[in-house]
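One structure is given below, encoded as structure tokens.
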Amino acid sequence: MKIRESTLPVLGPSGGDEELKALQEVIESGWWGKGPKVQEFEERFAEMVGHKYAVAVTSNSHGQDLVMKAMGFKGVDVINPTISFIATAIVPLWNDCTSNIVDVNRRTLCMTPEEVLKWQKPNSEVLIAVNMAGIPCDYEGLRKVFGGFIIEDAAHSCYTEGAGLGGNVAVWSFQAVKTMPCGDGGMITTDDKMLADKCREMTWFGVSSTWSRSQKGLGGKPGYSWDYEVDILGYKYYMIDIIAAICLEQMKKLPKNLEQRRHIQKRYNAELSQLTASTSKHPGGFFTPPEYSDTIQYYCARFPKNLRDDIIDYLADKNIHTSVHFKPLHKYEILKQRRKYPVADDEWLKLISLPCHNRMTEEDIDYVIYWVKEYFYKHAIGIWE
């Protein structure tokens with residue numbers, strides 16, 4: 001097969017005339033900040049995920065930070081999984097908390113109840129459960145061993161039925177390569193009105209939004225109320241209408257976009273299945289597909305660890321961009337822990353995320369499958385039996 005001239009990205013957003021038109025409408029409206037589009041997006045998103053309240057913010061990380069601040073968590077122990085993006089363990093540090101990083105399930109790469117039970121401390125008050133690559137954590141099991149506050153990190157789960165309902169609160173991501181991208185942004189969803197109200201108040205330095213005050217004048221009279229009180233320490237974490245306009249259009253396209261991701265997942269699983277056969281040198285085969293995901297935020301395939309980096313380089317030579325999701329958090333110097341991580345230390349060395357996004361054509365999928373197979377059939381003939 002001829003090598004393509006341009007690089008096939010591992011992830012990538014897609015937009016079109018609908019997003020451009022939505023942006024034009026917002027720009028021409030003169031209301032670029034937090035306004036009617038944000039309000040509409042919050043209402044529609046809350047309805048989609050099955051929560052009563054939604055607060056749109058600048059990112060998933062800021063959403064988690066805001067929840068911790070609104071709940072008053074400071075100086076406590078926060079349990080989080082080692083297979084995740086570094087923000088998972090950094091947000092607790094922003095709040096003078098300790099990041100208590102635990103090992104993961106070998107198949108799902110999600111946090112396990114057994115690890116939580118083993119490593120939780122008397123001051124372990126918060127648990128950040130990450131639905132790795134859209135695969136849900138065992139929330140029923142986590143609840144049996146942990147009685148504190150659970151933040152469901154649903155950054156990879158937008159949207160699969162039931163996602164966001166496992167913890168006390170859920171935080172979502174609309175970052176540029178997520179399943180519903182808008183450049184960057186996030187959402188807090190919950191059924192707790194007090195928490196939602198406090199988070200909303202804290203998104204702009206404790207000031208009520210200009211949009212909300214434009215809907216009521218002083219003394220309840222029509223017009224703009226310029227006066228406001230600030231009685232809470234707040235931050236600048238609110239989403240703006242320019243971003244919300246893109247989100248609303250992406251939300252309409254989400255079902256079709258997820259259908260494409262699931263199609264790619266299905267083709268990879270089926271057409272790379274020949275590589276799952278065991279040999280004496282590689283009893284586990286040369287390829288292990290990831291657990292099924294409704295969103296396939298990442299297609300985290302596993303290959304023999306002694307070949308992983310060579311495969312990445314080989315595919316890069318064919319202009320196929322891959323990645324590794326993720327380097328375990330306990331391996332970063334700032335997050336070092338005094339314990340062993342037998343599962344994560346073993347499994348992450350096998351991980352390669354293959355391209356999976358809704359911009360991919362059938363030819364792109366064919367291209368990835370061809371060169372992965374080619375690596376083993378010809379390039380790695382010395383290890384093939």
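The values are calculated or read from the model by the stated rules, or taken from the named source; none is laboratory data. Quantities reported herein were computed from a predicted structural model and do not represent experimental measurements. Methodologically, a virtual Cβ is constructed for each residue, glycine included, from the backbone with ideal geometry; neighbour enumeration extends over all protein chains shown.
Of all residues in the range 1-25, those satisfying the criterion of being surrounded by fewer than 21 Cβ atoms within 10 Å (Cβ to Cβ) and in a helix (DSSP H, G or I) are Asp17, Glu18, Glu19, Leu20, Lys21, Leu23, Gln24, Glu25.
The C-beta contact set for the range 85-111 (first residue surrounded by fewer than 19 Cβ atoms within 10 Å (Cβ to Cβ) and assigned to a strand (DSSP E or B), second residue acidic (Asp, Glu) and modelled with pLDDT of 95 or more, distance under 9 angstrom, 6+ apart or interchain) comprises Thr98/Asp77.
Being within 15 Å of Val343 (Cβ to Cβ), charged (D, E, K, R), at pLDDT 95 or above and in the same structural domain as Asp65 (by TED's automatic domain parsing) is a property that Arg143 lacks. With respect to (1) in a loop (DSSP other than H, G, I, E, B); (2) under 26 Å from Pro13 (Cα atoms), the lone exception for Cys300 is condition (1). No other residue among Asp366, Asp309 is assigned to a helix (DSSP H, G or I), under 30 Å from Lys253 (Cα atoms) and acidic (Asp, Glu) apart from Asp366.
Rundown of residues vs (1) small (Gly, Ala, Ser); (2) closer than 19 Å to Arg338 by Cβ, yes/no style:
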{"site": "Ala54", "(1), (2)": "yes, no"}
{"site": "Ser61", "(1), (2)": "yes, no"}
{"site": "Met68", "(1), (2)": "no, no"}
{"site": "Gly75", "(1), (2)": "yes, no"}
{"site": "Ser84", "(1), (2)": "yes, no"}
{"site": "Cys97", "(1), (2)": "no, yes"}
{"site": "Ile101", "(1), (2)": "no, yes"}
{"site": "Arg106", "(1), (2)": "no, no"}
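Listed by first and then second residue, the pairs linking a residue in the range 264-279 that is assigned by TED's automatic domain parsing to the domain that holds Glu363 and of a type in the set (S, T, N, Q) to a residue that is at pLDDT below 90 and surrounded by 16 or more Cβ atoms within 10 Å (Cβ to Cβ), with Cβ atoms under 9 Å apart and 6 or more places separating them unless they lie on different chains, are Thr276/Gly285; Ser278/Gly285; Thr279/Gly285.
So which residues in the range 113-134 are among the hydrophobic types (A, V, I, L, M, F, W, C) and free of Cβ contacts under 8 Å to residues at least 40 places away in the same chain, if there are any at all? Spell out how you get there, then give the answer.
So the first thing to find is which residues in the range 113-134 are among the hydrophobic types (A, V, I, L, M, F, W, C), and the list is 116-117, 119, 126-130, 132-133.
Residues satisfying the conditions are Val116, Leu117.
The residue pairs whose first member lies in the range 363-378 and is more than 18 Å from Pro304 (Cα to Cα), whose second member is among the basic types (Lys, Arg), and whose beta carbons are closer than 7 Å, counting only pairs six or more residues apart or on different chains, are Ile365/Arg267; Tyr367/Arg4.
Annotation note: Cβ proximity below 7 Å between a residue of the range 190-203 that is in the same structural domain as Asp65 (by TED's automatic domain parsing) and a residue that is charged (D, E, K, R) (sequence gap 6+ or interchain) occurs for Asp191/Lys52; Met202/Lys69.
Residues are listed down the side, and each one gets a yes or a no for (1) under 23 Å from the mean Cα position of the chain (by Cα); (2) assigned to a loop (DSSP other than H, G, I, E, B); (3) closer than 30 Å to Ile188 by Cβ:
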residue: Ala244; (1), (2), (3): yes, no, yes
residue: Lys252; (1), (2), (3): yes, no, yes
residue: Pro255; (1), (2), (3): yes, no, yes
residue: His263; (1), (2), (3): yes, no, no
residue: Gln274; (1), (2), (3): no, no, no
residue: Thr279; (1), (2), (3): no, yes, no
residue: Gly285; (1), (2), (3): no, yes, no
residue: Glu291; (1), (2), (3): yes, yes, yes
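Looking at the range 68-116, which of its residues are among the basic types (Lys, Arg) and more than 21 Å from Phe326 (Cα to Cα)? Result: Lys69, Lys74. Number of residues in the range 65-75 that are among the hydrophobic types (A, V, I, L, M, F, W, C) and either at positive phi or surrounded by 21 or more Cβ atoms within 10 Å (Cβ to Cβ) (or both) equals 4.
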